[in-house]
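Participant: Below you'll find the structure I mean.
The values are calculated or read from the model by the stated rules, or taken from the named source; none is laboratory data. Predicted model only: the values in this text are computed from it and were never measured. Neighbour counts run over all protein chains shown; Cβ positions are idealised from the backbone, glycine included.
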Amino acid sequence: MNVGFQLFQLQSIDSEFDRAQKRIGEIQSAIAADKGVELAKKRVESMEAELRKIKSDFESIDYETEQRKVKKTQSEANLYSGRIQSPKELQDLQAEITSLTKMLVELERQSLEQLIKLEKAEEKTTALKDELKKVLTEFETSKSRLIAEKNTLENTLKNLSAKRSSQESQIQEDKKSTYEHLRKMKNGLAVAQLQDNSCSACGSSLTASQCQQARSGSQLFICPSCGRIVYGS
Ligand SMILES: [Zn+2]
């Protein structure tokens, strides 16, 4: 029984298992949150805050305008009522009306300015909301694709587990523990291949006799450089 080959097959199963598991992890984080969606949401939120501020400024101007209008109407009524006789008082009243008129012109200018701002902000908010909808739809589409991929991968894991059990049962205990130990020590890769007379994991070249040992299969050959089992077919 070629133990090198057996361990090489076990390694292939385990590597495939690791890849599938890693991909499932990536999918899980991808479907949990999406950067594009988060960014689009933040943009809408900040634009809505800006819109609220503009609306509130607009309402303040509106309120102030109403107050001044009421005051002006009252002052005008007083001026023309005939009740006030004192020239000084009449003069003050006239001056007050002139000042209120100026203020009202200025407030109207401000109100118009705010209205333009408001329209622009409303347009921008609508555009950003549309963008968010689009990004969300895209996210949902990719999410269903990713979930399908995850289901396939989970099936793959099940199949690989079954395959592994059967493969493992054929391997001698001491060889198996050497393999498991190396898997832990060598970042998951215990068995390398002989490729162009070199170790496929670390790339170091092997002598003719070392290559022969790697191919023989009766004994495990360990790469002198990286310490992994090297299997040659
Ligand atoms: Zn090596």
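Participant: Is it the case, given these coordinates, that A201 is assigned to a loop (DSSP other than H, G, I, E, B) and either more than 13 Å from the ligand (Cβ to nearest atom) or touching a Leu at 6+ places or on another chain (Cβ under 7 Å) (or both)? Walk me through it before giving the result.
Facilitator: Values: assigned to a loop (DSSP other than H, G, I, E, B): yes; either more than 13 Å from the ligand (Cβ to nearest atom) or touching a Leu at 6+ places or on another chain (Cβ under 7 Å) (or both): yes.
Criteria met by A201.
Participant: Check region 149-171 and report whether any residue there is assigned to a helix (DSSP H, G or I) and under 22 Å from G36 (Cα atoms).
Facilitator: Checking region 149-171: at least one residue is assigned to a helix (DSSP H, G or I) and under 22 Å from G36 (Cα atoms).
Participant: Does L220 meet the test of being part of a loop (DSSP other than H, G, I, E, B), touching a residue at least 12 places away in the same chain (Cβ under 8 Å), within 15 Å of G4 (Cβ to Cβ) and more than 9 Å from the ligand (Cβ to nearest atom)?
Facilitator: Working: part of a loop (DSSP other than H, G, I, E, B): yes; touching a residue at least 12 places away in the same chain (Cβ under 8 Å): yes; within 15 Å of G4 (Cβ to Cβ): yes; more than 9 Å from the ligand (Cβ to nearest atom): yes.
Judged against the criteria, L220 is a match.
Participant: Sticking with this structure for a sec: Which of the numbered conditions does S204 fail, given that it passes all the others? Conditions: (1) in the same structural domain as L10 (by TED's automatic domain parsing); (2) surrounded by 15 or more Cβ atoms within 10 Å (Cβ to Cβ).
Facilitator: (2)
Participant: For region 105-123, name all the residues that are surrounded by 12 or more Cβ atoms within 10 Å (Cβ to Cβ), aliphatic (A, V, I, L, M) and farther than 13 Å from K55 by Cα.
Facilitator: Correct list: L107 only.
Participant: Here's another thing I want to ask about it. Going by the structure shown, is Q167 in contact with a Phe, Trp or Tyr (Cβ under 8 Å, 6 or more places away or on another chain) and either surrounded by 15 or more Cβ atoms within 10 Å (Cβ to Cβ) or outside the structural domain of D18 (by TED's automatic domain parsing) (or both)?
Facilitator: no
Participant: E180 passes all but one of (1) away from the ligand (no atom under 15 Å from the Cβ); (2) in a loop (DSSP other than H, G, I, E, B); which number fails?
Facilitator: Failing condition for E180: (2).
Participant: Checking the conditions here, which among T178, T152, T101, T126 is buried (at least 17 other Cβ atoms within 10 Å of the Cβ) and either closer than 30 Å to D57 by Cα or modelled with pLDDT of 95 or more (or both)?
Facilitator: One residue alone meets the criteria, T178.
Participant: Within 16 Å of the ligand (Cβ to nearest atom), at pLDDT 95 or above and assigned to a helix (DSSP H, G or I): does that describe L146?
Facilitator: no
Participant: Quick one: what pairs do we get from region 5-25, first residue in the same structural domain as Y179 (by TED's automatic domain parsing) and among the aromatic types (F, W, Y), second at pLDDT 95 or above and in a helix (DSSP H, G or I), C-beta under 7 Å, 6+ apart or different chains?
Facilitator: So the pair list comes out as F17/L157; F17/L160.
Participant: Same structure again: Look at A127 and say whether it is outside the structural domain of L7 (by TED's automatic domain parsing), touching a residue at least 24 places away in the same chain (Cβ under 8 Å), of a type in the set (G, A, S) and under 30 Å from V37 (Cβ atoms).
Facilitator: No: the conditions fail for A127.
Participant: Out of all the residues in region 27-77, which are among the polar types (S, T, N, Q), surrounded by 15 or more Cβ atoms within 10 Å (Cβ to Cβ) and closer than 21 Å to L112 by Cβ?
Facilitator: If the condition is that a residue be among the polar types (S, T, N, Q), surrounded by 15 or more Cβ atoms within 10 Å (Cβ to Cβ) and closer than 21 Å to L112 by Cβ, then T65 is the only one that fits.
Participant: Is it true that some residue in region 92-109 is touching a residue at least 40 places away in the same chain (Cβ under 8 Å) and either part of a helix (DSSP H, G or I) or of a type in the set (D, E, K, R) (or both)?
Facilitator: Yes, the conditions are met somewhere in region 92-109.
Participant: Looking at (1) closer than 18 Å to S12 by Cα; (2) part of a helix (DSSP H, G or I); (3) more than 11 Å from the ligand (Cβ to nearest atom), which is the one condition that is false for A214?
Facilitator: In the conditions (1) closer than 18 Å to S12 by Cα; (2) part of a helix (DSSP H, G or I); (3) more than 11 Å from the ligand (Cβ to nearest atom), A214 misses (3) alone.
Participant: Are there any pairs, at least 6 apart or on different chains, whose C-beta atoms fall under 6 Å, with the first in region 175-204 and among the hydroxyl-bearing types (S, T, Y) and the second surrounded by 15 or more Cβ atoms within 10 Å (Cβ to Cβ), and if so, which?
Facilitator: Y179/L7; Y179/A190; S200/A192; S200/Q193; S204/S225
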